[in-house]
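The values are calculated or read from the model by the stated rules, or taken from the named source; none is laboratory data. What you see is a predicted model, and the numbers here were worked out from it, not measured in a lab. Note: ideal-geometry Cβ built from the backbone for every residue, glycine included; neighbour counts use all protein chains shown. With ligands, DNA and RNA removed, areas are computed over all heavy atoms of the protein, side chains included. Shrake-Rupley method; radii C 1.70, N 1.55, O 1.52, S 1.80 Å.
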Amino acid sequence: MSYLEYNAKYVPTGPRKILYLNWPLALLLAAVAGVGILMLYSVAGGSFTPWAEPQMKRFAVGFVLMVMVAMVPAWFWRNMASVAYLGTLLLLLGVEFFGSIGMGAQRWIDLGFIRLQPSELMKVTLVLVLAAYYDWLPAARKSRPLWVILPVILILIPTALVLRQPDLGTSILLMAAGGGLMFLAGVHWAYFAAVIAAGVGLITAVLQSRGTTWQLLQDYQFRRIDTFLDPSSDPLGAGYHITQSKIALGSGGWTGRGFMQGTQSRLNFLPEKHTDFIFTTLAEEFGFIGAFSLLTLYALIILFCVVSALANKDRFSSLLTLGIALNFFLFFAVNMSMVMGLAPVVGVPLPLVSYGGSAMLVLMLAFGLAQSAHVHRPR
Amino acid sequence: MKRPRIDAEANHRLITRRAAILGGVQLAFVGALGARMQFLQVDQADQFRLLAEENRINIRIIPPARGEVFDRNGVALARNVPSYRIVVVREDAGDVADVLNRLGKVIDLDPEEVERAMAEMKRSAPFLPITVADEVAWEDLSRVSVNAPALPGVTPEVGLSRVYPFGSDYAHVLGYVGPVSDYDLERLDDPDQLLRIPRFQIGKVGVEAKVEDTLRGKAGARRVEVNAAGRVMRELDRREGTPGSDLQLTIDSKLQSYVQARLNGESASTVVMDATTGDLLAISSAPTYDPNLFVRGISSRDYSALTENKYRPLASKTVQGIYPPGSTFKMITAMAALEEGLIGPDDTVYCPGHLEVSGRRFHCWKRAGHGWVNLQNSLKQSCDVYYYDLAVKVGIEKISAMANRFGLGIRHDVPMSAVAQGLTPTKAWKTRTHGQDWRVGDTVNASIGQGYMLASPLQLAVMASRLASGNEVKPRLIKSVDGIEQPVLGGGSLGLNENNLRKMRRAMFDVVNDRRGTGYGSRIIEDGMRMAGKTGTSQVRNITAAERARGVTRNEDLPWERRDHALFVNYAPYDNPKYAVAVVVEHGGGGSRAAAPIARDVTLQALYGGDPPLEAYPTKDRDRIRKQQSDLRAIQPLANINGKDQA
């Protein structure tokens, strides 16, 4: 689709574009980020350092980034999609060779001013490239095997690289997001049925491989699966995170123990309380009401994205927006499932709330793309 | 490139449909998350709140001060003294090695201890205090305090440690405390939480162990908030414990120390009882050991020296040692016959030096025999044949029953370790344990306290008390608990014929005070202080006919462990009995020579409440006694309050 299709009369131009941003969505994002900053202030024992203040700055930078990205027409991003994808792939390869070791996994690449996590960036560029691909692909061909294999390859290359880091959580998210986008684009459901069947087979194979010479996962990944299945088997060891997390959540009750009154987080019983497990602090201090409110905020963000996407007649734009929404959903759904003991601990942060620069900037970049699609939608 | 509008719209519908499906899935998942939240935070909130509190709150036990032990006059026998130790907290110290180096310049540090502390510090949390020096002297402590600014993270801590000021004098009575062991924990059904404190001190033997529950007290507790690493964040509340009860023993520490000193060099034991109340005034076993060594943790070398010593210093011989009572038992045989009316006090028996009983010849200790003897003469000269004759007439059952009435064969309720029951044999007993019928010869042996008959010194003292008073005197060791006087047990009449008792006492008086009595050499000449008693010499070996034919080997010529036990029981004053004494000198030879002199010294010491005047002794003994008194004064330890530098 080219810009010729747009009715130029109605497309906003210049600084006026800011007025056409999806402001409810932007405000929702700010609200969630605000919750995050509040919680980081709390887990630091009532202090802006070391987490709340950098997080505020990052959100400010991220917000500006979002607006800037939104100002650029969506078709520019569509045209840039393959370049962005290749660039991110190169960065992932760079991690493979130059990345520094952090948290037992090779995930960072130090660019001097920021420690970039290319795997985070890949979540966005993968959605971008797939949306562009299905925009380009004539609708009649999208379920033909050749044209199905191509996007599958686009998904699997970064997934494999991320899995090598090793980062199981992100690679699962990449696959889920990519697969979700293919589903949204309208690929025949039989493929998905086949993939699900294969997936079940793979999981069986992985579990069977344990202890053999062809072991498919690292030992620590197996242990995480073990403790997920039975956290009480090792309450002080590997199951500690899940057990303590559930205690913190549960002890919050209806209304919580009060701001900065959570004993589990204040007394350090919670692991990674400023990153992956920050939701437990929120749930402990603000209870069911607080936790459910955050869940509602997240659901609203998804809802606003979906509404924006479906109102957008441009196929690229709606696929992109839906893909970003799906990505965001996967993010918080996996994190919350993890801290509530519904999923194994895979190391996925809570979007916009957990402390972390890369994730915050990448998320805001993604929402910038969604905003761009919203601003430049055909009218 | 322009796409047909129809195609675009169809595609848009497809995307919308797929988005609706995916959105539905997402919504369902959000619903599931919400439901899970509700389950954890609303349904199970109480349970998790409890778990969070358990995480957060730690109960720390405050050990109570152990009860102290005093003698009947309030002299401290077991005390708690502050003991100082120096601890280092790693996180406060910074460079631990440097700080310890500096500390080593201020006070003497044991390099081994320092090495152990360094290793421990590496293992434990940085905020936990680690002991680098224990049992620190006050001067060293002050030196550390003065240099505190140069010693970051170093703090003195005070605890209580058990000290026995009289050291070895009370080893067998009080026993000692030591850190609770796994064995101790296994033994108890419902162990006090205090016992879970590492190295908590509990009584191991003696009064310390037997009265443990009273002495220990009740634990206090403080509730503290801790973080995940176990660091105490703040104290929430505190409940002080109840200190253990103080005990007052019936022991007179002055007498006890004297007796212990008097027994020095022997393998012997002595019991001094109040003849009317049963209060144990002294109860000493020699050789002894220093219980303070056990409190601090005895070295294996010291310990094996104690266990390998053939004089058995660890044994509490007064209650645990059981011996054939020998001739001291003759009063029982006689009382049994008298009470049965089988013989009168003045009836006589002819002693030709031996007695034939069912074809076996039983010898009197005097080969020539004593001729015609009545009760008084037979006891005085310790004629055996007289008692053989009585025993055959009265039978073992009556004799054992009488022995039981006098407290033999009874496990007396005294809070000391391994209190022995002794043995008063009966026909049924022999059949049960030996599978043999009782023979009359066994009765003959039992009549003079040999054969199966066994008694402890405590039982012999009880016997002497009961002979003196005619009442059922029972031993008492605990005088009061926290100032509350404990009841005197027993005291009711034994229901014996007063005339028979009087005759018996008179005979015992003659044993010591008649020129021909076996205990004459150990008489007291001070009127009003005179004692009545009985010697005993119990064989620990069989004398063969061949040996008897060529003459019985003298004790001095035998190896120590084959010599006779020397025994003596007495009470004094004769006409107004106050104290009953039993002395057993293991393998000491004759009772008159080895045991009676000890009994006299001890009796006089008790009667005078200190060193008696030499006038109480026969003239020829006075020079020797004077020297003995000054020697004993020199070795009696003075109470050593801080428990250090024990000689």
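Can you go through B:LEU195, B:LEU188 and tell me which one is under 30 Å from B:MET416 (Cα atoms), open to solvent by 60 Å² or more (accessible area, probe 1.4 Å) and not acidic (Asp, Glu)? Steps first, please.
Details: B:LEU195 fails: open to solvent by 60 Å² or more (accessible area, probe 1.4 Å).
The match here is B:LEU188.
Within the range B:593-615, is even one residue aliphatic (A, V, I, L, M), more than 19 Å from B:LEU280 (Cβ to Cβ) and surrounded by fewer than 18 Cβ atoms within 10 Å (Cβ to Cβ)? Yes, there is a match, as at least one residue in the range B:593-615 is aliphatic (A, V, I, L, M), more than 19 Å from B:LEU280 (Cβ to Cβ) and surrounded by fewer than 18 Cβ atoms within 10 Å (Cβ to Cβ). Scanning the range B:575-589 turns up no residue that is of a type outside the set (Asp, Glu) and part of a helix (DSSP H, G or I). Starting from the range A:58-82, keep only residues that are on the phi > 0 side of the Ramachandran plot, then list their pairs with residues that are open to solvent by 60 Å² or more (accessible area, probe 1.4 Å) whose Cβ atoms are within a distance under 7 Å, requiring at least 6 positions of separation or different chains. The qualifying pairs do not exist here.
Going by what's in this entry, would A:SER293 be described as open to solvent by 10 Å² or more (accessible area, probe 1.4 Å) and hydroxyl-bearing (Ser, Thr, Tyr)? Spelling it out, A:SER293 is indeed open to solvent by 10 Å² or more (accessible area, probe 1.4 Å) and hydroxyl-bearing (Ser, Thr, Tyr). Of everything listed in (1) more than 28 Å from B:ARG238 (Cα to Cα); (2) open to solvent by 20 Å² or more (accessible area, probe 1.4 Å); (3) in contact (Cβ under 8 Å) with a residue 40 or more places away in the chain, the single unmet condition for B:LEU151 is (2). Scanning the range B:530-540 for any residue that is closer than 26 Å to B:ARG312 by Cβ and out of contact with any Gly (no Cβ under 9 Å at 6 or more places or on another chain) turns up at least one such residue.
Residues are listed down the side, and each one gets a yes or a no for (1) more than 23 Å from B:GLN320 (Cβ to Cβ); (2) free of Cβ contacts under 8 Å to residues at least 60 places away in the same chain; (3) open to solvent by less than 40 Å² (accessible area, probe 1.4 Å):
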position	(1), (2), (3)
B:ALA455	no, no, yes
B:ALA461	no, no, yes
B:PRO475	no, no, yes
B:LYS479	no, no, yes
B:GLY483	yes, no, no
B:VAL488	yes, no, no
B:SER493	yes, yes, no
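Within the range B:245-274, residues that are closer than 22 Å to B:GLY589 by Cβ and touching a residue at least 40 places away in the same chain (Cβ under 8 Å) have Cβ atoms under 8 Å from residues that are open to solvent by 20 Å² or more (accessible area, probe 1.4 Å) and of a type in the set (Val, Ile, Thr) in these pairs: B:GLN260/B:THR288; B:ALA261/B:ILE635; B:ASN264/B:ILE635, counting only partners at least 6 apart in sequence or on another chain. Taken together, the residues in the range A:247-269 that are free of Cβ contacts under 8 Å to residues at least 60 places away in the same chain and outside any helix (DSSP H, G or I) amount to 10. A Cβ distance below 7 Å, combined with a sequence gap of six or more or placement on separate chains, defines the contacts here; from the range A:280-304, residues that are within 9 Å of chain B (Cβ to nearest Cβ) reach residues that are open to solvent by less than 10 Å² (accessible area, probe 1.4 Å) and among the polar types (S, T, N, Q) in the pairs A:ALA283/B:GLN41; A:GLU284/A:SER251; A:GLU284/A:GLN264; A:GLU284/A:SER265; A:GLY287/B:GLN41; A:PHE288/B:GLN41; A:ALA291/B:GLN41.
Considering only residues that are touching a Gly at 6+ places or on another chain (Cβ under 6 Å), within 7 Å of chain B (Cβ to nearest Cβ) and surrounded by fewer than 18 Cβ atoms within 10 Å (Cβ to Cβ), which ones fall in the range A:238-272?
So the first thing to find is which residues in the range A:238-272 are touching a Gly at 6+ places or on another chain (Cβ under 6 Å), and the list is A:242, A:246, A:252-256, A:260.
From the residues that got through so far, the ones that are within 7 Å of chain B (Cβ to nearest Cβ) too are A:246, A:252-254.
A:TRP254 - this is the single residue of the range A:238-272 that is touching a Gly at 6+ places or on another chain (Cβ under 6 Å), within 7 Å of chain B (Cβ to nearest Cβ) and surrounded by fewer than 18 Cβ atoms within 10 Å (Cβ to Cβ).
Screening B:ALA32 against (1) more than 14 Å from chain A (Cβ to nearest Cβ); (2) within 30 Å of A:ILE324 (Cα to Cα) leaves a single unmet condition, (1). I'm told B:ARG60 meets every condition in (1) at pLDDT below 80; (2) among the basic types (Lys, Arg); (3) under 30 Å from A:ASP135 (Cβ atoms) except one. Can you identify the failing condition by its number? (3) is the only condition that B:ARG60 fails. For beta carbons closer than 8 Å, sequence separation of 6+ or different chains, a first residue in the range B:543-560 that is open to solvent by less than 80 Å² (accessible area, probe 1.4 Å) and a second that is assigned to a helix (DSSP H, G or I), the qualifying pairs are B:THR553/B:GLU547.
Being touching a residue at least 12 places away in the same chain (Cβ under 8 Å), within 14 Å of chain A (Cβ to nearest Cβ), within 30 Å of B:GLU54 (Cβ to Cβ) and basic (Lys, Arg) narrows it down to one residue among B:ARG223, B:ARG239, B:ARG234; which is it? Before the answer, list the steps.
Working: B:ARG239 fails: within 14 Å of chain A (Cβ to nearest Cβ); B:ARG234 fails: touching a residue at least 12 places away in the same chain (Cβ under 8 Å).
Answer to the check: B:ARG223.
Residues considered: B:ARG56, B:ARG72, B:ARG79. Of these, the only one that is facing another protein chain (nearest Cβ under 9 Å), in contact (Cβ under 8 Å) with a residue 60 or more places away in the chain and touching an Asp or Glu at 6+ places or on another chain (Cβ under 9 Å) is B:ARG56. Applying a threshold of 9 Å to beta carbon distances and a minimum spacing of six or more residues, or different chains, the list of pairs starting in the range A:326-355 at a residue that is in contact (Cβ under 8 Å) with a residue 24 or more places away in the chain and more than 17 Å from A:GLY178 (Cβ to Cβ) and ending at one that is charged (D, E, K, R) and open to solvent by less than 10 Å² (accessible area, probe 1.4 Å) reads A:VAL346/A:ASP167; A:GLY347/A:ASP167.
Would a scan of the range B:101-113 turn up a residue that is open to solvent by 40 Å² or more (accessible area, probe 1.4 Å), more than 14 Å from chain A (Cβ to nearest Cβ) and small (Gly, Ala, Ser)? No, the range B:101-113 contains no residue that is open to solvent by 40 Å² or more (accessible area, probe 1.4 Å), more than 14 Å from chain A (Cβ to nearest Cβ) and small (Gly, Ala, Ser).
Annotation: of all residues in the range B:281-299 being part of a strand (DSSP E or B) and under 14 Å from the mean Cα position of the chain (by Cα), the one that is farthest from B:GLY490 (Cα to Cα) is B:ALA286.
Scanning the range A:317-350 for residues that are in a loop (DSSP other than H, G, I, E, B), at the interface with another protein chain (Cβ under 10 Å from one of its Cβ atoms) and buried (at least 24 other Cβ atoms within 10 Å of the Cβ) yields a single hit, A:MET340.
If the condition is being open to solvent by 10 Å² or more (accessible area, probe 1.4 Å), in a helix (DSSP H, G or I) and among the small types (Gly, Ala, Ser), then the range B:300-342 contributes B:SER300, B:SER304, B:ALA305, B:SER327.
So which residues in the range B:514-524 are open to solvent by 30 Å² or more (accessible area, probe 1.4 Å) and either in a helix (DSSP H, G or I) or over 21 Å from B:ARG622 (Cβ atoms) (or both)? Explain how you work it out, then say what you get.
So in the range B:514-524, the residues open to solvent by 30 Å² or more (accessible area, probe 1.4 Å) come out as B:514-516, B:518, B:520-521, B:523.
If the condition is that a residue be open to solvent by 30 Å² or more (accessible area, probe 1.4 Å) and either in a helix (DSSP H, G or I) or over 21 Å from B:ARG622 (Cβ atoms) (or both), then B:ASP514, B:ARG516, B:THR518, B:TYR520, B:GLY521 are the ones that fit.
Please indicate, with yes or no, whether at least one residue in the range B:206-213 is open to solvent by 30 Å² or more (accessible area, probe 1.4 Å) and within 25 Å of B:ASP108 (Cβ to Cβ). The answer is no; no qualifying residue exists.
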